[in-house]
Amino acid sequence: MNRPYTFELAALALNGEDLDGVRRTAKSNGVAVADLERATAVLRVLQQGGEDPDDFVLREYILDGWLKGYLPLDVQAGDPTLNTWRLGQLAEAHYSERS
């Protein structure tokens, strides 16, 4: 499961995107609605504690990339070229190869 992507979708829902549209996107990309709803609930809890959902998603992609090997360990988390879109593309390539 591409966990960072699930959180990315959840962040979109929290940031005001059309919830039905986010659910359709999730379903069409293999993310179960229950997983999306759980990720949204987690982000709400984090947001209430002062965490920015977008920052959390970025860190999720970085950690996942390091753990799964699609992001080299010598890449620094603060690298300004790292963004959610770029990391999402790397994650998608990684997880597509595994299915």
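Values quoted throughout were computed directly from the atomic coordinates according to the rules given, and no laboratory measurement underlies them. Keep in mind the model is a prediction, meaning the values are calculated, not measured. As a convention, Cβ positions derive from the backbone with ideal geometry for all residues, glycine included, and neighbour counts pool all protein chains shown.
Remark on the range 3-98: hydrodynamic radius 13.7 angstrom, per the Kirkwood mean of 1/r across alpha carbon pairs.
Relative contact order, percent, of the range 3-98 when contacts are C-alpha pairs under 8 Å separated by at least 6 residues?
Reported relative contact order: 28 percent.
Taking the longest Cα principal axis of the chain as reference, the axis of helix 33-48 is set at about 80 degrees. Considering only His94, Val75, Gly30, and ranking their Cα positions along the charge dipole of the chain that arises from unit charges at the beta-carbon of Lys, Arg, Asp and Glu, the one farthest toward the positive end is Gly30. Taking Cα atoms only, the orientation of helix 84-98 departs from the longest principal axis of the chain by about 80 degrees. For the chain, the longest principal axis of the C-alpha atoms and the axis of helix 53-68 are separated by about 50°.
Per-residue ellipticity at 222 nm computed for the chain from its helices equals -22500 deg cm²/dmol, with DSSP H segments shorter than 4 residues left out and the rest contributing -39,500 (n - 2.57). Peptides 38-44, 22-28, ordered by how many other C-beta atoms sit within 10 Å of their residues on average, highest first, read 38-44, 22-28.
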